[in-house]
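Working notes, beginning with the structure itself.
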Amino acid sequence: MKVNFAKLSPFQVDPEKIEALNLTAADFEAATNEEKESVVYRHKSVSYWRDAARRFRSNTVSMVALFVFILCLLFAFLGPKLIPYNYSDQYRSSQKLSSMQYSEDEQKVVALSGHCDAFFATVLQPGSLTAIKKGDYFIDYGGKTYAFTLKKAIEKAVLALDADAEAPLFVVKMSDINEDGSFDKSTPVELSEAPAEGASPIRLSTGVFPHVFGTDSSGRDLMARTMFGAQVSIIIGIVAAIIVLIIGSIYGAISGLAGGAVDFVMMRVVELIYSIPEVLIVLLLQVVLTDPLRTWFDAHKSGIGAILGDLGPGIVSIFITFALLYWVTMARIVRGQVLQLKKQEFVTAAVALGASGTRIIRRHLLPNAVGALVITTCLQIPSAIFLESFLSFLGLGVSAPMASLGSLCSDALATIELFPDRLIYPAVILTIIVLSLNLIGDGLRDALDPRLKK
Amino acid sequence: MVSYILKRILAAVATLLVIMAVTFFLMNAIPGNPFLSEKASAHAIELAFKKYGLDQPLIVQFKNYVFNYVRGDLGVSLKMQEGTSVADIIFNQGKFARSIKLGLAALALAVVIGIPLGCIAAYRRGSWLDGFLRVMTTVGVAVPTFVLATLLLAFLAVKLSWLPVKSGELTDFKCYIMPVISLSFYYTCYLAKLTRTSMLDAINQDYIRTARAKGVKTGVLVLKHALRNSLIPVITYLGPVIAGIITGSFVVESTFQIPGLGKYFVQSVMNRDYPIIMATTVILSALVIIMNLVVDIAYKLVDPRISLTAKEG
Amino acid sequence: MAENDRLIEVKDLRVSFFTPAGEVKAVDGISYSLGYNEVMGVVGESGSGKSVEAYSIIGLLQSPGRVVGGSITFEGEDLLAYTPEQMRQFRGNKVSMIFQNPMTCLNPVYTIGNQLTEALTCHDKGISKQDARARAIRMLELVGINNAEKRMDQYPHEFSGGMRQRAMIAMALICRPKLLIADEPTTALDVTIQAQILELMKRLQHEEKTSIIFITHNLGVVAEICDRVSVMYAGKIVEQGAVNDIFYSPAHPYTKGLLASMPRLDEDSHERLIPIEGTPIDLLNPPKGCNFAPRCKECRKICLHQKPPFADFGNGHVSACWLHFMDRARANDTAKGASANA
């Protein structure tokens, strides 16, 4: 023995301490299994998805991003229902307003609204509808029905209601309204007992809803357009991402599963598409597709043609572009996942049991690759939104009266010096949408990738 | 190495041929033709078609393009500068040079600023600087190029008048500032993010632990051991960055009114000037393909595990 | 003097990881000393804290891990009081370390030669390039790498697993350290390569007179190379002693369990292997009593309430288990009975 181990031992056994414990034989009765179990702290076992959900929820940044994105969705899809303006209506008297600004006519009406209970102003109606035509009308207001017949059209005037006045319903011409809202002259409207048959309703308003983001040079309300544009951009992003997801995963799965020569050829095609600077082709495609698509939409007014026709040729050709060129990254990822999973035993077992190729893809491979798919799809949405805004900027995306966040930005460029906020609003919302989607994608990656599990 | 490069060049030529075919197909599918206008009579159009060989079958036209390109003849413009040689328009009028200068400057800026920022953020992980850079880069990759370009224009040029509104022919250093910043900002942020991630990844590797166990100084640890490994994923991303910068130049050239190749391409598509569409597509694609080759060779220099000859198998 | 026999002395070392879920006491009060020219094995299953303990000696603990108590003395100097720069100069020079996975432990983008000479140059600024290279080549030859001159300029991916581990050993020993910490150096290798590497380490230990702390979960490897063994369970040393004592008269139920779960060629091969049942405890919520109690076949009531003290069996063979004190309890009872009777 080369070393004296006793000398090296740092352990000092202290007999007195042991003595002080006063051990008894009772202490040395065998412990039962229940007693042993009771001292063990057991973690609840959680499933992969539960665990991923927990990780995502504990990621503050991603949760905030998710919340912000939900706000954006509400803004885009619920917002248009809450404001009285529409993305395509042109308000002739309210062109080129800055944000929160009222036009002269609107100011007069606002002032007038202090002198009556409710009103209907022809100048605040969109487009050429600046008159109420001859005919029978009725108004429901404050639990009462006011029926009347117009002998001639009312133009550039306000139909006002003052329930306490002798003649509750009267017409004031815009030119008769003073700055403080008082008016010198008004024409009472003769009321009838009950609405005539076929009378049309008129809805009165009590105030003028402000143009929060201002209006454009055609008098369209920019907040309504921004809401609608956000809607269009989000739809483009999601649909394009789904297209990419479907084509990419089918292509990648086939390539990975088939292997051999098929895989080789399919991957050369992917490499070729990958090395093409796609924007050049995208630009050409946009120009090529727009006219044929328009013709096709005109010919097919029902079913799918109607839905696509509503979106317009610009957006549909963006979808086609994505279907043709942008699925390659997804295909590569799916193929990688498939190759990785193919080696695993449960797939071999499925093959041995005689499962068909499609069944293997559907039941075994895709559910396992779903983490990678979710992340890539989520990050594809912002890239589609970006591409659309880029094309709209070059004048190739959606065209007025349709709007997307990109086209709103590019429309705003012409007047950037006078109305910088016209660019700011859509640009900020575009940035917020893309930012929140990126952060959600990052959070999903952290939550779904078990390799990062700590 | 040489045989690898030769193989790659062959592959590049094949890719270019496919791109030519696709472009040819697409540009002929654009409705209308270059000579269509209110004044032009059917007869005049027919004459013009004959003159430029557009009356020949498409396959012959395509064959002519390919043969002429092999000879180095890019054809003549049909509309935008009718009769002028395309090579003259692109190379002698400075369009190509301007686009290249802009692109290279933006690429250089993205690399020179983005990668070091990513390293610093990773090295000082958790510090206020890291936090600031993370916020900046995350927001940076969410701002579209044209928004940034327009905001710079509105603020620095229009409001403050510090820089020229129109960058024009890039005669002055000042003309470069805004276009290059807007072109490179997204990629600077992206590269910084990517470098940070891969640097953190590298720092957690076993070989870093080995180096620390050897007593290697922290500075050497980061700059020698971690950096080179973390550059590998960054370099793979440079290919798409280059393609993206060329893409972005379309927007930047039109915002800052620079007569470059990108802007000219968009105009030529609108005008259906076939030879110019074809030439710009081929030149820009060739540029991207060559840069990708350079990136792949750089990849080999950084990572000894990649053997360029074996990769083709 | 006894002090001079000790190369390194660890006293009541405590290392904790501060995770979001709470403090994990990875090493919970361990003590040992190591003499010059001695090989000590540290045995335990994964998560028992054996690597963490080694990392705290060489100063490689990474946040959120931190030494929270105890002392480490190396040749009379307090390592925990070292500045980061002192620690850096100490690492690789006086103490070096080799790791489990040779596939990932070498930097893939630098040549073997570069990485070998780096170990020299970062401790000896004055050494010339030629000297460093010559020394590195000699070192490679020493660990049994043929054609060392040519191998110097190759990259790690051109080496096999066993060759890489040889290069790692050469790199660790190039500065002639007094202590080598080997963290499962053979676990990731093929069995035949394992034997070669063990043989090599034995030979080098003999030639260079380096002390080794050999961390492993494989008792067979311990028997092969070590003089003394510490058995660790859940952050604590449960038994320590000369390798023969541990193998032929194990005292602690955990050590007995480990030995029973190990295949032995020298004994009746019909005997069944007996695995230790249950899983290691959750270090976030350690039990109040003996850490091994929930898995212990011999578990007594007291084991669930109180940490067991060490019992000394002579020649440095100690074991922390209540069972060793059963006689004492009987004696107490008899004494009490006697006094009650009186």
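The values are calculated or read from the model by the stated rules, or taken from the named source; none is laboratory data. In this text the structure is predicted, and so the values were computed from the model without any measurement. Please note: Cβ atoms are built from the backbone with ideal geometry, for glycine as well, and neighbour counts cover all protein chains shown. Note: areas computed on protein heavy atoms with side chains; ligands, DNA, RNA excluded. Shrake-Rupley method; radii C 1.70, N 1.55, O 1.52, S 1.80 Å.
Looking at region A:250-345, the helices (runs of 4 or more DSSP H) lying wholly inside it that each contain 1 or more residues that are touching a Ser or Thr at 6+ places or on another chain (Cβ under 6 Å) sit at A:260-275, A:278-299, A:313-325, A:328-342. All of (1) assigned to a helix (DSSP H, G or I); (2) more than 7 Å from chain B (Cβ to nearest Cβ) hold for C:Arg88 with one exception: (2). Within region B:181-204, if we keep just the residues that are surrounded by 24 or more Cβ atoms within 10 Å (Cβ to Cβ) and of a type in the set (A, V, I, L, M), the residue that is nearest to B:Val222 (Cα to Cα) turns out to be B:Met199.
Just one residue in the set C:Ile98, C:Ile58, C:Ile72 is touching a residue at least 12 places away in the same chain (Cβ under 8 Å), within 9 Å of chain B (Cβ to nearest Cβ), open to solvent by less than 10 Å² (accessible area, probe 1.4 Å) and farther than 19 Å from B:Ile203 by Cβ; that residue is C:Ile98. Note on region C:111-133: among residues that are in a loop (DSSP other than H, G, I, E, B) and under 29 Å from the mean Cα position of the chain (by Cα), the one that is surrounded by the fewest Cβ atoms within 10 Å (Cβ to Cβ) is C:Asp124. In the set (1) aliphatic (A, V, I, L, M); (2) within 10 Å of another protein chain (Cβ to nearest Cβ); (3) open to solvent by 30 Å² or more (accessible area, probe 1.4 Å), C:Ala335 fails one condition alone, (2).
Looking across region B:255-281, the residues that are open to solvent by 20 Å² or more (accessible area, probe 1.4 Å), over 30 Å from B:Leu156 (Cα atoms) and more than 8 Å from chain A (Cβ to nearest Cβ) come down to B:Asn271, B:Arg272.
Looking at this structure, is A:Thr329 more than 28 Å from B:Ser268 (Cβ to Cβ), surrounded by 18 or more Cβ atoms within 10 Å (Cβ to Cβ) and of a type in the set (S, T, N, Q)?
So A:Thr329 passes the test.
The one condition from (1) surrounded by 17 or more Cβ atoms within 10 Å (Cβ to Cβ); (2) touching a helix residue (DSSP H, G or I) at 6+ places or on another chain (Cβ under 6 Å) that A:Glu417 does not meet is (1). Checked against (1) surrounded by 14 or more Cβ atoms within 10 Å (Cβ to Cβ); (2) within 14 Å of another protein chain (Cβ to nearest Cβ); (3) in contact (Cβ under 8 Å) with a residue 24 or more places away in the chain, B:Val76 passes all but a single condition, namely (2).
Kindly indicate which of C:Gly92, C:Gly70 is modelled with pLDDT of 85 or more, within 24 Å of B:Arg228 (Cα to Cα) and not basic (Lys, Arg).
Details: C:Gly70 fails: within 24 Å of B:Arg228 (Cα to Cα).
Of the residues listed, the single one that is modelled with pLDDT of 85 or more, within 24 Å of B:Arg228 (Cα to Cα) and not basic (Lys, Arg) is C:Gly92.
One line per residue, one yes/no per condition, for (1) under 20 Å from B:Gln267 (Cα atoms); (2) more than 13 Å from every other protein chain (Cβ to nearest Cβ):
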| residue | (1), (2) |
| --- | --- |
| B:Ile5 | no, yes |
| B:Ala12 | no, no |
| B:Thr15 | no, no |
| B:Val22 | yes, no |
| B:Asn28 | yes, no |
| B:Phe35 | yes, yes |
| B:Ala42 | no, yes |
| B:Phe49 | no, yes |
| B:Ile59 | no, yes |
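Flag set for A:Thr290, criterion: within 12 Å of chain B (Cβ to nearest Cβ), over 23 Å from A:Thr376 (Cβ atoms) and open to solvent by less than 60 Å² (accessible area, probe 1.4 Å).
If you scan region B:120-129, which residues turn out to be surrounded by fewer than 20 Cβ atoms within 10 Å (Cβ to Cβ) and touching a residue at least 24 places away in the same chain (Cβ under 8 Å)?
Selection gives B:Arg125 alone.
Being open to solvent by 20 Å² or more (accessible area, probe 1.4 Å) and under 17 Å from A:His115 (Cα atoms) is the filter here, so list the residues in region A:147-169 that pass it. Listed by number, the residues that qualify are A:Asp162, A:Ala163, A:Asp164, A:Ala165, A:Glu166, A:Ala167, A:Pro168. Looking across B:Val222, B:Val216, one residue alone is part of a loop (DSSP other than H, G, I, E, B), within 14 Å of chain C (Cβ to nearest Cβ), buried (at least 18 other Cβ atoms within 10 Å of the Cβ) and at negative phi. It is B:Val216. When B:Lys174, B:Lys193, B:Lys214 are checked against the criterion of being touching a residue at least 12 places away in the same chain (Cβ under 8 Å) and basic (Lys, Arg), a single residue qualifies: B:Lys193.
Looking at the structure I just gave you, is B:Ser285 open to solvent by less than 40 Å² (accessible area, probe 1.4 Å), closer than 15 Å to B:Leu78 by Cβ and either in contact (Cβ under 8 Å) with a residue 40 or more places away in the chain or touching a strand residue (DSSP E or B) at 6+ places or on another chain (Cβ under 9 Å) (or both)? Taking the combined requirement at face value, the residue does not satisfy it.
State yes or no: is B:Phe67 assigned to a helix (DSSP H, G or I), within 14 Å of chain A (Cβ to nearest Cβ) and open to solvent by 50 Å² or more (accessible area, probe 1.4 Å)?
It is false that B:Phe67 is assigned to a helix (DSSP H, G or I), within 14 Å of chain A (Cβ to nearest Cβ) and open to solvent by 50 Å² or more (accessible area, probe 1.4 Å).
Take C:Asn37 and decide whether it is of a type in the set (S, T, N, Q), in contact with a His (Cβ under 7 Å, 6 or more places away or on another chain) and open to solvent by 20 Å² or more (accessible area, probe 1.4 Å). The answer is no for C:Asn37. Condition first: outside any helix (DSSP H, G or I), surrounded by fewer than 14 Cβ atoms within 10 Å (Cβ to Cβ) and facing chain A (nearest Cβ under 10 Å). Can you find one or more residues in region C:308-327 that meet it? Yes, there is a match, as at least one residue in region C:308-327 is outside any helix (DSSP H, G or I), surrounded by fewer than 14 Cβ atoms within 10 Å (Cβ to Cβ) and facing chain A (nearest Cβ under 10 Å).
When the residues of region C:1-55 are filtered to those that are more than 10 Å from chain A (Cβ to nearest Cβ) and of a type in the set (Ser, Thr, Tyr), the one that is farthest from C:Lys202 (Cα to Cα) is C:Ser16.
Selection over region C:134-158 of residues that are within 27 Å of the chain's Cα centre (by Cα) and in contact (Cβ under 8 Å) with a residue 40 or more places away in the chain gives a count of 4. On the stretch given as region B:146-160, residues that are crowded, with 17+ Cβ neighbours inside 10 Å and modelled with pLDDT under 85 total 8.
Evaluate the following for C:Ser230: is it out of contact with any helix residue (DSSP H, G or I) (no Cβ under 7 Å at 6 or more places or on another chain) and within 12 Å of chain A (Cβ to nearest Cβ)?
Working: out of contact with any helix residue (DSSP H, G or I) (no Cβ under 7 Å at 6 or more places or on another chain): yes; within 12 Å of chain A (Cβ to nearest Cβ): yes.
Criteria met by C:Ser230.
C:Glu239: open to solvent by 20 Å² or more (accessible area, probe 1.4 Å), within 14 Å of another protein chain (Cβ to nearest Cβ) and in contact with a helix residue (DSSP H, G or I) (Cβ under 8 Å, 6 or more places away or on another chain), yes or no? No: the conditions fail for C:Glu239.
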